[in-house]
Amino acid sequence: MYERIVIAGGGQAAVQAIDTLRRRGFAGELSVVGDEPWPPYQRPPLSKKYLAGSLERERLLIRPATFFAEHAVRTHFGHRVTDVARRERHVRLDDGRVLPYDALLLATGSRPRPLTVPGSELDGVHYLRTIADADRIRSECVGGGRLVIIGGGYIGLEVAATASERGMEVTVLEMAPRVMSRVTSPEVSAFYESEHARHGVRIRCNESVRALHGDTRTGRVRSVLSESGAQYPADLVIAGVGVVPADELARAAGLECENGVVTDVHCRTADEAIYAAGDCASHLNRQYGRHLRLESVDNAFEQGTTVALNLLGTQTVHDKVPWFWSDQFDLKLIIIGVGYGYDSALLRGSPATRSFSVCYLRAGELVALDSVNTPKDQMAARKLIAVHARPNIDKLTDPSVPLKDTV
């Protein structure tokens, strides 16, 4: 039985591991280290309600601020782990303190992929990952201002929707032929491009950024120059070009990393005393038969639970079907599963109704589903994907047939 557990990282996976450990009777020493000064908080609202000003900071917290003291958790917020000594089994913090551990959970998350073009350092160029980032962006989101967003993924489009509703003139530059190309089908991409256009958002695909130009007097960004030679005026620029796993600690400690900290089905690394969970972890997923690194609140929640149960001696496999969501305007996109390697994508319903689904099949098996304002489909898809269901194609494409009845 472990007596001292240290958690490096202050996000959803960390909180869920703490909650599960204490609820299941762990009475040992429990410490959490988070590099932000705030207790762990939800990140998805940062690009939506919090950025819009309709959600207070306190409501972002995953648990009340008193949670940690009430559960006898030693907190080190505003600090980071700088070194993991595997043989000695301790971590060192940036202030020199040393925390010994019997078991260590790496829940360090991810960080925005940086822009590498000239002008990236100009004032008015932002990334959105933290409360501080959102506060800075919100203070500059002024009605009538010109916002250029680099990247047409979840974050870019969510910010575009929020900023346009705040009265900004918004342009999205996406280097791929369509938005959200990494995670969804052409039909869903086209639908969202149309919806954004309807709200006044200009989306320019196949448009790579060459440089950012600024005012030589103030050092503030003034325009974005694309590789095609087009110039986009900007009072504010937000870069949403993806994230990278924060796996530096694991690499420095000699743990295997390949697009994240490599773990087995129990979320354990090759070091039996070290686990990884959340955005930083590349876990062996039995559902899809390969390692996956998932950027998802639900995944972090489930992996935090899995790690805690394994630490308590209950052998537990992380094999849940993952899901993701994105809120843009009055649309809720929910993605169930991972469409990796799909060979057909079938439309269920009509995008014109603003309520439809796209079903992803591989060799006849339903492996993923995109749901736009179709809650019954996404709920049924969770169960069908988990059992590797092979739906009847005619029924699958008929929205009058409940998805659960297509097998």
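The values are calculated or read from the model by the stated rules, or taken from the named source; none is laboratory data. A quick note: this is a predicted structure, and the numbers were derived from the prediction, not measured. Cβ coordinates were reconstructed from backbone atoms using ideal geometry, including for glycine residues, and neighbour counts include every protein chain displayed.
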Condition broken by residue 197, with the remaining ones in (1) surrounded by 21 or more Cβ atoms within 10 Å (Cβ to Cβ); (2) more than 21 Å from residue 228 (Cα to Cα); (3) among the aliphatic types (A, V, I, L, M); (4) free of Cβ contacts under 8 Å to residues at least 60 places away in the same chain satisfied: (1)
- prompt: Which condition number does residue 272 fail, the rest of (1) in the same structural domain as residue 43 (by TED's automatic domain parsing); (2) surrounded by 21 or more Cβ atoms within 10 Å (Cβ to Cβ) being met?
  reply: (2)
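Looking only at the range 96-141, how many residues end up being at positive phi and surrounded by fewer than 16 Cβ atoms within 10 Å (Cβ to Cβ)? Give the derivation first.
Initially, the range 96-141 is screened for residues at positive phi, giving 96, 109, 119, 124.
Subsequent filtering for residues that are surrounded by fewer than 16 Cβ atoms within 10 Å (Cβ to Cβ) retains 96.
Of the residues in that region, 1 qualify.
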field: Cross-chain or 6+ apart pairs with Cβ under 7 Å, the range 278-291 first and at positive phi, then among the hydrophobic types (A, V, I, L, M, F, W, C) and part of a loop (DSSP other than H, G, I, E, B)
entry: 278/107
message: If I ask for residues that are out of contact with any helix residue (DSSP H, G or I) (no Cβ under 9 Å at 6 or more places or on another chain) and among the aromatic types (Phe, Trp, Tyr), which ones from the range 353-386 would you list?
response: 360
- prompt: Given the structure, is residue 11 assigned by TED's automatic domain parsing to the domain that holds residue 300, more than 18 Å from residue 99 (Cβ to Cβ) and surrounded by fewer than 17 Cβ atoms within 10 Å (Cβ to Cβ)?
  reply: no
- request: For the range 362-407, enumerate the residues that are of a type in the set (Val, Ile, Thr) and closer than 17 Å to residue 350 by Cβ.
  value: 372, 374, 397, 401
- prompt: Is it the case that some residue within the range 387-398 is surrounded by 15 or more Cβ atoms within 10 Å (Cβ to Cβ) and touching a helix residue (DSSP H, G or I) at 6+ places or on another chain (Cβ under 6 Å)?
  reply: no
